[in-house]
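Accompanying notes for the structure given below.
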Amino acid sequence: MTDLSKTGHVEAPGGEAGSGNPLNRGLGVSQIVFMVVAAAAPLGLVAGGVPLAFAVSGSPGMPLYFALTTVMLLIFAVGFTLMAGRVRNAGAFYAYVQAGLGRIPGLSAATLALFSYTLLLVGVNAYVGVATSNVIERYADVGSPWWLWAFVSLGIIAFLGLGVMFAIFGFIGFEATAVFRNEAKDPDVTVLRATYVAILVIGVFYSFTVWAIVVGVGVDAVTGAAKADPEGLVLTLARSYVGSVWADVMQVLLITSQFACVLAFHNVVTRYQFALSRARALPAPLGVVHPRHRAPSSSSAVASAVASVTTLVVVALGLDPIGDLYTWFSGAATLGVVLLMAATSLAVIGYFRRAGEQQSVWRVVVAPAVAFLGLACVGYLMVANFPLLVGTTEGAWAIGGFVALSAVVGAVQALVLRARRPAVYERF
């Protein structure tokens with residue numbers, strides 16, 4: 001298990017002390033919050049995900065679901081932010097699981113995170129390709145394949161992932177606040193404030209916006225309208241209330257919103273690989289820092305290559321970019337992230353039980369336990385309803401199996417390291 005210092009802090013490889021932190025420290029609360037909001041792709045979710053949720057659930061109560069989710073995430077953030085001040089490592093979820101539950105669960109969480117965010121990177125990028133193709137066909141009357149613009153998007157991201165626009169785009173969800181702690185001006189303060197601000201901003205925005213959709217369409221009509229035209233529901237509503245010009249603007253902004261989301265996932269995958277490389281759990285070149293941009297450029301290049309190859313395979317198989325790729329990948333990745341958050345909640349309890357540090361029972365026991373129970377329920381509901389998302393029970397088992405396999409790979413790697421490279425295992 002990881003040793004705890006007298007101050008209760010863990011300086012893990014890939015963290016501030018273990019690596020000497022060659023990365024650039026320039027991010028404040030506002031920059032990280034904007035990265036989280038950009039990565040959440042609010043317009044993309046409202047225009048694409050919310051109508052699908054109405055259609056699948058058949059319930060007009062989605063605003064309440066967003067509000068309840070916001071409360072649950074705020075409770076989760078109690079333990080999450082506390083761990084961020086104790087485990088000074090950019091690995092976030094996996095670093096916290098490792099510190100609280102041990103090295104084997106920690107590396108298992110790391111591979112699960114890498115797998116989940118790579119799926120999100122590829123899936124959302126496919127959405128960018130489709131949205132771009134649709135806009136060009138609508139305004140220029142020129143047809144073009146979705147995969148062409150998907151590869152253009154990946155090419156631009158490969159350039160931006162050297163840190164040129166790093167301060168603008170970032171990571172999905174509030175985990176970004178901890179993933180980028182090595183590049184924050186004052187990590188202990190910045191991570192805590194940015195986490196709560198990001199959750200509140202995103203939660204209030206989604207709750208209000210989805211409520212507005214329900215009011216605009218009508219409580220009794222919204223689910224039927226979503227089933228009839230899930231892709232055009234929000235844009236049609238915009239044309240009715242604000243005019244066609246703003247609806248056209250929204251359609252273009254949908255592309256930029258999803259692009260920001262893709263770049264955010266790219267940065268997350270890059271920094272997970274970087275942190276694992278600095279801990280010697282992945283090849284050393286992934287931990288190389290660009291001498292001028294002070295960003296993990298080698299890891300960025302590898303993330304771009306993996307996404308490109310995966311997209312090529314999808315094109316070769318002839319999968320539908322939205323119905324298959326986006327839907328399956330985002331569903332599987334979301335399940336992975338929920339499992340990571342649940343494991344992190346347990347890790348908070350385990351960490352402070354061993355540390356012996358005096359903290360309120362609410363912060364180190366009650367809040368993490370409540371968060372774990374809530375996330376466990378969400379995970380169960382996702383697994384139970386996965387066939388509805390994928391379309392077939394067999395397909396659901398296959399995709400869910402890959403999520404489980406990604407976690408098993410990390411556990412096996414940890415066992416191999418413990419047996420064959422004990423020094424690296426102890427350092428991890």
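The values are calculated or read from the model by the stated rules, or taken from the named source; none is laboratory data. Keep in mind that this is a model prediction, so the values were computed, not measured. Every residue, glycine among them, receives a Cβ derived from its backbone with ideal geometry; neighbour counts consider all protein chains shown. Quick note on the areas: whole protein, heavy atoms, side chains included, nothing else; ligands and nucleic acids left out. Shrake-Rupley method; radii C 1.70, N 1.55, O 1.52, S 1.80 Å.
Can you give me the % of accessible surface on region 99-161 that is carbon or sulfur? Probe 1.4 Å, all protein chains present, nothing else counted.
Of the solvent-accessible surface of region 99-161, carbon and sulfur hold 69 percent.
Using R₀ = 25 Å, calculate the FRET efficiency as 1/(1 + (r/R₀)^6) where r is the Cβ-Cβ separation of residue 353 and residue 419; round to 0.05.
Rounded to the nearest 0.05, the efficiency is 0.35.
Can you tell me the accessible area per residue over region 242-318, all protein chains present, probe 1.4 angstrom, in square angstrom?
41
On average, how much area does the Cα convex hull of region 56-166 cover when viewed from any direction, in nm²?
Taking a quarter of the hull surface, the average projection is 11.1 nm².
Taking only the alpha-carbon positions of region 201-356 and ignoring solvent, what does the Debye formula give for the base-10 log of I(q)/I(0) at q = 0.14, 0.19 Å⁻¹?
The computed values of log10 I(q)/I(0) come out as -1.04, -1.31.
Could you put 324, 220 in order of accessible surface area, largest first, with the 1.4 Å probe and the full protein assembly present?
Descending accessible area places them as 220, 324.
If you count, for each residue, the other Cβ atoms within 10 Å and average over each peptide, how do 135-143, 64-72 line up from highest to lowest?
Result, highest mean first: 64-72, 135-143.
Counting only the backbone N, which residues of region 71-85 are under 19 Å from the spot 7 Å out from the Cα of residue 204 toward its beta-carbon?
Those under the cut-off are 71-78.
Which value, to two decimals, describes the C-alpha radius of gyration of region 282-382 once divided by 2.2 N^0.38 Å?
1.56
Taking the alpha carbon gyration tensor of region 214-290, what are the square roots of 5 times its eigenvalues, largest first, to the nearest whole Å?
One finds semi-axes of 44, 15, 8 Å for region 214-290.
Amide H neighbours of residue 87 under 5 Å, at least 5 residues apart or on other chains, H built in the peptide plane: list them.
Those lying under 5 Å, H to H, from residue 87 are 10.
Which value, in nm² and rounded to one decimal, describes the direction-averaged projected area of the C-alpha convex hull of region 329-382?
That works out to 3.6 nm².
Would you rank 259, 352 by solvent-accessible area, highest first, keeping every protein chain in place and using a 1.4 Å probe?
259, 352
Taking 0.36 nm per residue of separation and subtracting the Cα-Cα distance, what length does fully extending residue 316 through residue 244 add?
Between residue 316 and residue 244, full extension yields 22.2 nm more.
Could you let me know the centre-to-centre spacing of region 262-290 and region 303-365, using Cα atoms, in angstrom?
Here the two parts' Cα centres lie 16 Å apart.
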